[in-house]
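Structure first, then comments.
Nothing in this text is a laboratory measurement; each read-out follows from the coordinates by a stated rule. Computed from a predicted model, the values in this text were never measured in an experiment. Positions of Cβ are generated from backbone atoms using ideal geometry, with glycine treated the same way; all protein chains shown enter the neighbour counts.
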Amino acid sequence: MKMKLKPKQYSLQEAFGPQFPANQTIAGYERSECPFVPEADVEWEWDRATLRDLVMWWMEGGTDPIYVFGHTGAGKSAGLRNFCAALQIPFYERTIYEGLEFVEVLTTTDLIDATTVTSYGLLPLAMGVEGYPGVFNADDVDRADPGFLSGFYEVLQGQPVTTNVGGVDIVKPQPGFRIAATGNTALMGDRLGVYTGAKQQDIAFQDRFWKVEANYLPEAVEKQLVNKVVPQLDRRITDLMVDAANELRSAFMGMSEATNALPFPMSTRSLLRWAHMTYLYRDAEQQGISPVFYALDRAFLNAANGDPDVRLAIVTLVEGKLGPNPGGSNG
């Protein structure tokens with residue numbers, strides 16, 4: 001299959017933003033017609049440590065796969081997606097779940113005009129069977145059945161796969177094909193029980209990957225992000241929201257050893273939703289209702305309604321940062 005992607009060298013500044021060096025380059029592709037090249041998230045902010053790992057993996061990792069793990073909403077899949085968007089790399093993503101069979105990433109079957117049509121699945125497409133090799137991302141791979149993962153072994157070793165699309169096809173990996181995976185755990189099971197469905201995976205599988213832990217954004221970067229996304233709110237309020245989110249993360253049982261640790265953290269996406277909804281409900285202030293706490297319920301806190309002790313702990317923590325009746329609007 002003829003390669004349809006044209007190589008291009010980007011400066012780190014051109015690819016990832018003005019805060020990065022203009023005198024260092026990274027390989028990518030020119031803009032193409034491939035529909036699997038993702039769109040960049042205009043609100044995305046890079047964590048430097050995560051980006052450093054992705055750059056090194058892409059440039060120097062050879063054919064090694066990468067596994068990005070971390071707590072919910074820490075930007076695992078989004079980081080890979082925005083990395084590929086910046087460099088115009090096709091990104092083939094499949095969410096993995098218990099019961100998914102390996103054949104389902106090899107081929108797809110559709111009924112068209114009463115005729116069964118079989119076409120290539122995401123994995124052969126990522127391998128370059130149609131001329132657009134790129135990154136295949138197995139999202140939530142720590143939920144996979146062992147039988148699904150064993151199908152990857154030959155691919156992880158750089159071997160071709162066999163499919164059946166109008167006949168037996170041997171699909172060989174083309175230059176530019178890489179495998180990535182994401183999950184909430186380090187593939188060794190969930191000892192805390194906060195990620196239901198995550199499994200301990202075979203050490204022979206997890207041993208093959210670069211292992212990169214994605215963390216929530218540094219405080220200063222996250223404050224900048226929230227202010228950029230919801231500039232209508234008072235900056236003092238959004239900064240305190242970030243402070244409260246970090247306190248909640250510190251109290252999360254995935255990060256805290258305390259016996260009364262909270263069962264879930266506030267992710268960046270929940271934080272942004274909280275700030276955005278605070279602005280949407282700004283008129284509640286005229287009725288003596290704090291839009292900050294009204295929005296907090298709907299963006300995050302109502303998940304704790306089944307546990308009044310957890311709810312009280314979160315409210316107490318947030319009140320400690322923002323006060324009992326904060327406003328928020330700039331007008």
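Using 0.36 nm per residue of separation minus the Cα-Cα distance, give me the extension gain between residue 236 and residue 298 in nm, one decimal.
Values: separation 62, 0.36 × 62 = 22.32 nm, distance 2.16 nm.
Residue separation times 0.36 nm, minus the Cα-Cα distance, leaves 20.2 nm.
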Original post:
Using r as the Cβ-Cβ distance of residue 213 and residue 283, and R0 as 51 Å, what FRET efficiency do you calculate, to the nearest 0.05?
Top reply: 0.75
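Excluding residue 205 itself, what net charge comes from residues whose Cβ is under 15 Å from its Cβ, given Lys and Arg +1 and Asp and Glu -1?
Details: positive: 143, 199, 208, 211; negative: 64, 140, 142, 145, 154, 202, 207.
Local charge sum for residue 205: -3.
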**OP:** Note the angle between two axes, namely the Cα long axis of helix 76-87 and the longest principal axis of the Cα atoms of the chain, as a number of degrees from 0 to 90, rounded to the nearest 10.
**Re:** 60 degrees
Original post:
HN-Hα J couplings of the stretch 63-75 from phi, Karplus 6.51/-1.76/1.60, θ = phi - 60°, integer Hz, Gly and Pro as x?
Top reply: 9, 4, x, 10, 10, 10, 10, x, 5, 4, x, 8, x
Subject >> In range of the label at residue 27: residues from the stretch 53-79 whose backbone nitrogen is under 18 Å from the point 7 Å along Cα→Cβ >> reply: 53-66
**OP:** Pop out the ³J(HN,Hα) list for the stretch 138-145 in order, Karplus 6.51 cos²θ - 1.76 cosθ + 1.60 with θ = phi - 60°, rounded to Hz; leave Gly and Pro as x.
**Re:** 8, 7, 6, 5, 6, 9, 6, 6
**OP:** May I ask you to sort 84, 34 by Cβ crowding, counting other Cβ atoms within 10 Å and putting the fewest first?
**Re:** 34, 84
**OP:** Pull up all non-local amide H partners of residue 201: gap of 5 or more, or a different chain, and H-to-H distance under 5 Å with H placed in the peptide plane.
**Re:** 188, 189
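Take the alpha carbon gyration tensor of the stretch 2-42, find the square roots of its eigenvalues, order them as a ≥ b ≥ c, and report rounded if a/c is under 1.5; if not, report prolate when a/b exceeds b/c, else oblate. Write down the numbers at each step before the final one.
Values: a/c = 4.44, a/b = 1.53, b/c = 2.90.
Oblate is the answer for the stretch 2-42, as a/c is 1.5 or above yet b/c matches or exceeds a/b.
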Original post:
Short version: ³J(HN,Hα) in whole Hz for each residue of the stretch 41-50, in order, from phi by Karplus 6.51 cos²θ - 1.76 cosθ + 1.60 (θ = phi - 60°), x for Gly and Pro, what are they?
Top reply: 7, 5, 9, 6, 10, 7, 7, 4, 5, 5
**OP:** Starting from the Cα gyration tensor of the stretch 219-322, take the square roots of the eigenvalues, sort them a ≥ b ≥ c, and report rounded, prolate or oblate (rounded when a/c is under 1.5, otherwise prolate if a/b is larger than b/c, else oblate).
**Re:** oblate
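If we count every other residue with Cβ under 14 angstrom of residue 277's Cβ, Lys/Arg +1 and Asp/Glu -1, where does the sum land?
+1
Based only on other Cβ atoms within 10 Å, what is the fewest-to-most ordering of 276, 71? Display every interim value, and only then the final one.
Values: 276 17, 71 21.
Lowest to highest Cβ neighbour count: 276, 71.
Determine the gain in length on full extension of the stretch residue 200-residue 43; use 0.36 nm per residue of separation and subtract their C-alpha separation, reporting nm with one decimal.
Numbers: separation 157, 0.36 × 157 = 56.52 nm, distance 3.41 nm.
Extending this stretch completely gives an extra 53.1 nm.
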**OP:** Treat the count of other C-beta atoms within 10 Å as a stand-in for reagent exposure and order 8, 2 from fewest to most.
**Re:** 2, 8
**OP:** Would you mind classifying the stretch 7-213 by shape? Square roots of the alpha carbon gyration tensor eigenvalues, ordered a ≥ b ≥ c; an a/c under 1.5 is rounded, otherwise it is prolate if a/b is larger than b/c and oblate if not.
**Re:** oblate
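When Lys and Arg each count +1 and Asp and Glu each count -1, what net charge do the other residues less than 14 Å away from residue 36, Cβ to Cβ, add up to? Let's see the in-between values first.
Values: positive: 4, 31, 81, 94, 178; negative: 33, 39, 93, 130.
My count for the surroundings of residue 36 gives +1.
Is it possible to state the helix-based mean residue ellipticity at 222 nm for the chain, with each DSSP H run of 4+ residues giving -39500 (n - 2.57), the sum divided by total residues, to the nearest 500 deg cm²/dmol? What is it? Intermediate results must be reported in sequence, preceding the final value.
On the way: 13 runs with 117 residues, N = 331.
So the helix-based figure for the chain works out to -10000 deg cm²/dmol.
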